Amino acid sequence: IFDHGLCDSKTEVMEKWVAEFFLRRQQNPRVYGSPLLSALTPVDSDDCVKLKITAVLRDISNSLIRGTVDEGMLDILEILEKLMLQERSVIMGSLKSAYCWTAAECTLRFMWPVTVSDGFFGDALERIWKKRIGMLKGRESDLVSHELLKWESDLNEAFEEPEIYRKIRETNIRYNAISHLSQLVKEQWALLGCSSLESEARKRLLKRKDSRNRGNGFGRAGDNIDNIGVRREGRNGSSRENDNDVEEVGGVEKHDGADKVNEQEQEHEPSLNKGDITVARELKDFLLEIQRLIDASTRQGQEPDDAMEQSNDVTPQHDEANRTEAEDSEGTSSSRRVRPHLPTPEPLNVSPLKKVRLERPRPRRPMKFWTPEEVAALREGVKEFGKSWKDVKNSNPVVLADRSEVDLKDKWRNLFGR
DNA sequence: ATAGGGATATGC
DNA sequence: GCATATCCCTAT
């Protein structure tokens, strides 16, 4: 930072980088995007939009981890849409679908009573579909998709027709909402690419390499460098969820064997490699230390520490790694790494010698003939999605509520097959 | 997840 | 008994 003469705004830059670091850490569902951002000094530059998107994605991920899909999620999705508009990028299909199914799920929550009149379904329709989505329509938002309009009409119908109400009530909307949201998050993380810290590290690494090469008389063309940087950013960014950033800085050179241009050069410069890894490791230790402090101050009165450690981190490997490194940085200054101890896995019972059926065969589901309406829905669906029965069912979940994907396939077979 | 074979229900 | 529709099981 100092080298780049950014002293004036150095706090801001630092804050942004640290914020970005925390927001991108997957194993940390205790960091909340919007509060973290609002705690920072307000800056409104272009890269700030990127940071805001990162914060929004963190919030969505957190909600998904907790398993909550509520109207707060709709708020977040609307914010994401606005941010995308600011970035002048297109509103993607995944965002539209996610919004649509989330809205449906939010309405479904109020359909727990058996009949319409007993509950708050009417209120939900009013609040979510009339007011909220009415606003979207008002500003001609791209979030208003065909899918969304279809749901709107289906739900309005359900208000009048008890039969349709029942069918929607029994549809597993939640599953669809969650998968669309996951898909959205995945796409967006990929689109964001690598973190500021990481791209800065790459820039400086390449710069150093370049100056060395010139000294050695290799003389790689200068324009090469930018190309390499850009290309890598794209590729890495799209193939990755969000990992620990610092680790990546250290690993930039290590797990990068695919890039032929650099492969040979690396072997000639082991010292550069080593230095960078050391710096990255130190930085990581510092950040872990900071995080440990934050955790200690936010976790008061929530749960006993031990339980926290185990329940919050998703994978046991990460858990172990974090703990040992944290101990290193606070305890003795030796760089000795403690081997993780993992429990011996339970042996799986996979003997193929005998396949016994423990459960008695299930009673056959009562037969129901296909109504012309259902057949029409099936035809429409196949016209649009082909033989992707999952999509066909989703294209009209209300009419096809009583039919499984296999049923659709079977019906199509006896309509046109063989 | 999907395709195909097969079992069971329905209608004549 | 036969044809057709629906539902179930399982290999890919």
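The values are calculated or read from the model by the stated rules, or taken from the named source; none is laboratory data. Remember, predicted model here, so these are calculated numbers, not experimental data. Backbone-built Cβ (ideal geometry, glycine too); neighbour counts: all protein chains shown. These accessible areas exclude ligands, DNA and RNA; they are computed on the full protein's heavy atoms, side chains included. Shrake-Rupley method; radii C 1.70, N 1.55, O 1.52, S 1.80 Å.
Placing unit charges on the Cβ atoms only, positive for Lys and Arg and negative for Asp and Glu, gives segment A:8-192 a dipole magnitude near 500 debye about its Cα centre.
Over segment A:8-192, what is the relative contact order in percent, taking alpha-carbon pairs closer than 8 angstrom and at least six residues apart?
Contact order relative to length: 24 percent.
Distance between the 7 Å Cα→Cβ label points at residue A:179 and residue A:140: 3.4 nm. At a 1.4 Å probe, what is the % contribution of carbon and sulfur to the accessible area of segment A:372-416? So the carbon and sulfur contribution to the accessible surface is 52 percent. In this structure segment A:98-190 gives 50 Å² per residue of accessible area when probed at 1.4 Å with all protein chains present. Residues A:416, A:369, A:121 ordered from highest to lowest accessible area at a 1.4 Å probe: A:369, A:416, A:121. In this structure segment A:372-416 gives 55 Å² per residue of accessible area when probed at 1.4 Å with all protein chains present. Packing order of peptides A:61-68, A:90-97, highest average first: A:90-97, A:61-68 (average count of other Cβ atoms within 10 Å over each peptide's residues).
When a 1.4 Å probe is rolled over the protein heavy atoms, the share of accessible surface on segment A:8-192 that falls to carbon and sulfur comes to 56 percent. Surface calculation, 1.4 Å probe, protein heavy atoms: residue A:202 sits at approximately 20 Å² accessible. Debye sum, Cα scatterers, segment A:8-192, no solvent: what log₁₀ I/I(0) at q = 0.09, 0.15, 0.16, 0.17 1/Å? For the requested q values the scattering log ratios are -0.37, -0.88, -0.98, -1.07. Classify segment A:372-416 as rounded, prolate or oblate, taking a ≥ b ≥ c as the square roots of the eigenvalues of its Cα gyration tensor: rounded when a/c is under 1.5, otherwise prolate if a/b is larger than b/c and oblate if not. Here segment A:372-416 falls in the rounded category. Per-residue SASA remark: residue A:180, around 50 Å² accessible (1.4 Å probe; ligands, DNA and RNA not included).
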